[in-house]
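Each remark here refers to the structure printed beneath this line.
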Amino acid sequence: MKSFVLFAVTAAAIAQDGAALFRARCAVPYCHGQAGSAGRAPKLIGHTYNSSAVFSIVSGGLPAKGMPGFDRDLTAEEIEAVTRYVMTFAGAGPRKNEWGISSRTQLTPELERSRNLFFDAARMNGCGRCHEVDGWGSKVGPDLSRSASWNLRGGSGKGVVTARIGAETFPALVLEPGSVTRLWDLGSRLPVLRTVAGADLQTDAASRWDHAAETRAYSDAELQLIRPFLQWARKQQPDAR
Amino acid sequence: MRTWSCLFVVVANLLAQADWGTHGGNYAAWRYSSLAQIHTSNVGRLTPAWSFQTGDIEHGLQATPIVQRGVMYVSTSQGWVIALNAADGRLIWEYRYAPENTAVYGKQNRGVAVSQGMVLLGTADNHAVGIDAQTGKEKWRVNMEDTRQCGCNITGAPLAVKDVAVFGVTGGDSAHRGYLTALNIRTGRFHWRFYTIPGPEENGHETWPGDSWRHGGGSTWMTGSYDAELNLLYWGVGNAAGDILSKNRRGDNLYTASVVALNPDTGKLVWHYQEVPHDVWDYDSVYELVLADLPVAGKMRKLLFHSTKAGYTWLLDRSNGEFIKAWQFVKHSNWVAGITEGGKLVGRRDPEIGKGLFVCPSAMGGKSWNESAWSPRTGLLYLPVVEACNDLMAREQEPQEGQIYIGGSWIIKPPPDGKIEGYLAAFDPLTGSRKWSLPGKTWFMASLLATAGDLLFTGDPEGNFFALDARDGKKLWSFQTGGGHRGGAITYAVNGRQYVATPLGWGSFLGMFHLSIFPDAPAPRAGSALMVFALPEVGQ
C-alpha cells in the first residue's frame, strides 16, 4: 500500500481519480494488477505509451486480446483520467514483455489455414510437436524454414539412431554425446529430452523410425495444404530473399 | 462394506504416518496426518526447529512440500526444486529450472510429486520434468504443448499413480482446450492424454456448437485424487471459455465445471458429474476432491466431497458419480436460487451482453484454490471461505488460439451486508451444518492442515502461523513468521520427532489483488521460505 500511496501523491490530482478508477476496473486479479504491476493481462509498468492510443484502447478495448472496452461504463472524462494515470507508469519498471508471448504474423486466409493445420491443437499440435516454425513449436526435428523442398510424408530421418539403455530400445536423436548425453527419445508420442550416462548408452546408426507413422494423423491432401505455410516461412529467411 | 472402509482408513493412515507423501497428504486429499505427538495440550510449547530461504521470491512460496523418508522436496514459483534434510533443513541438492516463456497464468508452482525415486515437476512454460530424487539431476523433460501457442502452462502439483505421473494444465481463461497428460515416471514417455472437451465423434461433443470445443477452456490447474481400490483417478475440471460469454457455446459444455473419474492405466473416462452445466460465472471446479467413506441414510457410501468456487460442496458417490447432495458453504449466493435434491440448478442468473449483473460468490470463488482439510477424528470438513460478489458483464469476443478469452468483465463488489470477508469454518460434510468459524483479519489464503492431535494449522496474509483446536476452533498457539501465507503446511516425523512445516511468502494473482480488496490492511509480506516447528527435545 505504501508504494501505491507514494505513487499517487506524486501524480497529478486528476490522475488520483484515474488511480481510483484503475484500482476498481483495471487492477482486478485477471487483468493489470495493482498499480499496473500485471495480473493475467500484460504488465503496464515500464512501457512507453502514446496517450491517444491508450485512450482509444481503454474506450474500445482490444477484442482480439480479451481487453474489454470501457466506453459503456465510463464517461469520456473518466477514461481520460484513467489514461493520465496509465501514462504515469512509463519508465516505472523493467522494459520487457512480461509474458513473452509472440504475436502471430498476419497471414492471408489461405496461409492461415495452412499454418493452423501445421500446428493443429486437435492433433496434439501436429507438426509443431517436433518442428519449430515462425516462433511456435518444438525444436526436435530440422528447421523446415531452412529447406527449399520437403518430403512431408517420408521426412528425412537424418540423424535418427537406435538407442539402447539396458533393456530399453528406442529411436533417438543424440544432441550432446559425452559422459552425460542429452538425446531426444522419439519412442514417445510427445518427444522426451532425456539425460543419460554416456556409459549406459549404446547406439546403432540403423533405425526403423518412420516419419510416415508420425504423420499419419494427416491425409495426403492435408499435407499438401501445409506446403504453402512452409513456402511462406522459407521466404521469410534472410538468405531466401 | 465396513471392512473395506476401515481398510481404506488404515491404508490412508499408514501413508500419512511419518511422511507427507503426496500433495494432499494422502491420495484422498485429506490434508490430515495421523501423527499426534503434538496435540491440543502441548501445542503451546511449539518452537521453531529450522528455517530455509529459497531465494525465489516472485509470487511467493505457494507449494505444499513433500516429505519422504526424512527428505523434504519443495518447489518454487519459477520451478526450482530443493531437497532438504527434513530434520534440520540442511540442503541436500537444488535443481533450478529456467522457464523460456511464460503464459499469462504466470510463474507459480504449487508442488511436486515424488515417486519411484523421481521428483516430478510441472513448469511455467508447460514442460514436465523428471528429476532423480537422489542426485537432483534432470533425467527427462517433455514439452506438453508449446506455451507460445496454447497460452497455457502448469502451476499445479502432478499426481503420481502407479507407473505414471499425471499433469494438469492452466488455460481456462484462454482460447484453449484443456487436458490431463500421463507420462511414465521413469522415462517421461507419453502414456495418455484425456481432453476435458470431447472431440468430434466423442460422447459429449454435441454439447459444443460449431468450433467452440477447440477453445472452450476446461483447464485442470489443481491436483486430483486417487482411489486405489476402485482404480479411479479423480480430477476437477475448470470453467468454460469464454468465461462469461455464452452465445458462442450454447449447451452444457461437457466436461467443464465437472468432476471426471478416469482409469489411470488408460486415461479413459469412467464417469463424470457436471456440477455447473454451461458455466457463465467462471466457476472452476478444479479444486481438491476429498475422498471419505461415511454412512448416508444408514448405508456406508464411498463419498467424494468437492467444495468449489460456486460456494457449494457437492457430495458424490465416487464409485459411480451419483449425485447425493450439494450444500451451500458461503453465506452470500445468488447465482442460482438453489440446487434440487436431484442436483439440478434452479433459478439461474446468467450475465448478459452489455448489462451488469450482481452475482455472488465472485469469480475469485467462495473459496480460492488453497485447500481444505478433513479430519476423520472430528468428522469435520474445514474450509477457507471468502464472502465476495461481483458485477458481471458479458462482452462480444472472438476467440484467438492461446489468447485470453474471457468474453466480459467482472468488478469485485462487497456482498449486500457491506464487507468482503474471509474466515475458516468447520462443517459437517453430510449436512453442511457449520460447527464453528474463525474470522480472518482479512481472509485466509493458505491451505489447511488437520492432525490426529485434534489440531488445525494454517497461516494468514498478516504472517501468523497458528494452531486451532479442531473441535471448537479455539486458538491455541500462534507464531509471527514475518511473511504472508499462501502455501500448504504439512506435518511429518523424522526419528520419532514430529515436525510442522509451513511455506511462507505472499504471492499469486489473488495475492496481488489483496490491497485493492483490503486497502486499509497492511500489505502482506513477500518472500519464499520454509519455517519448521517442533516441540522442544527432551532435556531442553
Fill in: Given charges at Cβ of Lys, Arg, Asp, Glu: region B:2-534 dipole, positive-most of B:A337, B:V112, B:W436
B:W436
Discussion item. Taking the full set of protein chains and a 1.4 angstrom probe, give the accessible area of B:K162 in square angstrom, rounded to the nearest 10.
Written reply: 100
Worksheet item: Do the alpha carbons of any pairs in B:K107/B:K139; B:K107/B:K268; B:K413/B:K474; A:K158/A:K235 sit beyond 28 Å of each other, and which pairs?
Response: B:K107/B:K268; B:K413/B:K474
Discussion item. Which of rounded, prolate or oblate describes region B:324-417 when judged by the alpha-carbon gyration tensor and an a/c cut-off of 1.5?
Written reply: prolate
Fill in: Prolate/oblate/rounded label for region B:488-530 (Cα gyration tensor, a/c 1.5)
prolate
Item to complete: Would you check the accessible area of B:S115, probe 1.4 Å, heavy atoms only, in square angstrom rounded to 10?
Response: 30
Fill in: Mean separation of Cα contacts under 8 Å, 6 or more apart, over the residue count of chain B: relative contact order %
15
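Could you tally the net charge around A:T83, taking each other residue with its Cβ under 12 Å from the Cβ of A:T83, Lys/Arg +1 and Asp/Glu -1? Don't jump to the answer; show the numbers that get you there.
On the way: positive: A:R84; negative: A:D17, A:E77, A:E78, A:E80.
Summing Lys and Arg as +1 and Asp and Glu as -1 gives -3.
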Worksheet item: Under a 1.4 angstrom probe, counting protein chains only, how are B:H514, B:H332 ranked by accessible area, largest first?
Response: B:H332, B:H514
Response to the item:
Mean per-residue count of partner chain Cβ within 10 Å for A:127-137 equals 2
Worksheet item: To the nearest 20 debye, what is the magnitude of the charge dipole of region B:125-166 about its Cα centre, counting +1 on the Cβ of each Lys and Arg and -1 on the Cβ of each Asp and Glu?
Response: 80
Discussion item. Charges on Cβ only, +1 for Lys and Arg, -1 for Asp and Glu, centred on the Cα centroid of chain B; of B:A523, B:L449, B:G422, which one is farthest towards the dipole's positive end?
Written reply: B:L449
Worksheet item: What shape does chain B have by the C-alpha gyration tensor, where a ≥ b ≥ c are the square roots of the eigenvalues, rounded means a/c under 1.5, and otherwise prolate means a/b greater than b/c and oblate the rest?
Response: rounded
Fill in: Relative contact order of region A:160-204, defined on C-alpha pairs under 8 angstrom at six or more residues apart (%)
37
Discussion item. Order B:K299, A:K43, B:K475 by their accessible area, 1.4 angstrom probe, all chains in place, largest first.
Written reply: B:K299, B:K475, A:K43
Worksheet item: Which whole number gives the average, over all residues in A:68-77, of C-beta atoms from other chains lying within 10 Å of the residue C-beta?
Response: 2
Fill in: Point-charge dipole on Cβ atoms (K/R +1, D/E -1) for region B:2-534, about Cα centre, debye to 20
1040
Item to complete: Compute the separation of the alpha-carbon centres of region B:381-442 and region B:445-518 and state it in Å as a whole number.
Response: 21
Item to complete: Would you compute, from DSSP H runs of 4+ residues alone, the mean residue ellipticity of chain B at 222 nm, taking -39500 (n - 2.57) per run and dividing by the full residue count, rounded to the nearest 500?
Response: -1500 deg cm²/dmol
Worksheet item: Residue farthest toward the positive end of the dipole of the protein assembly as shown, with Cβ of Lys/Arg at +1 and Asp/Glu at -1: which of B:W140, B:A18, B:V237?
Response: B:A18
Worksheet entry | Relative contact order of region B:366-446, defined on C-alpha pairs under 8 angstrom at six or more residues apart (%) | 31
Worksheet item: Tell me, what does the Kirkwood hydrodynamic radius of the protein assembly as shown come to in angstroms if you use every pair of distinct C-alpha atoms?
Response: 26.9
Worksheet item: When we measure straight from the Cα of B:K247, which lysines land under 17 angstrom away, once same-chain ones fewer than 8 places off are left out?
Response: B:K355
Discussion item. If I compute solvent accessible area with a 1.4 Å probe over the protein chains, what percent of it on region B:83-179 is carbon and sulfur?
Written reply: 42
Worksheet entry | Average beta carbon contacts from partner chains per residue of A:193-205, 10 Å cutoff | 2
Worksheet, complete the sentence: Judged on accessible area alone, 1.4 Å probe, highest first, B:F323, B:F466, A:F55 line up as A:F55, B:F323, B:F466
Fill in: Cα-centre dipole for the protein assembly as shown with unit charges at Cβ (Lys and Arg positive, Asp and Glu negative), debye to 20
600
Discussion item. Need the C-alpha centroid separation for region B:59-79 versus region B:333-347, integer Å.
Written reply: 39
Discussion item. Under the √(5λ) rule applied to the eigenvalues of the Cα gyration tensor, what semi-axes describe the equivalent ellipsoid of region B:174-311? Give them in Å, descending.
Written reply: 25, 20, 13
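The values are calculated or read from the model by the stated rules, or taken from the named source; none is laboratory data. Because the structure is a prediction, the values reported are computed rather than measured. Virtual Cβ from ideal backbone geometry, glycine too; neighbours counted across all protein chains shown. The accessibility values were calculated without ligands, DNA or RNA, using every heavy atom of the protein model including side chains. Shrake-Rupley method; radii C 1.70, N 1.55, O 1.52, S 1.80 Å.
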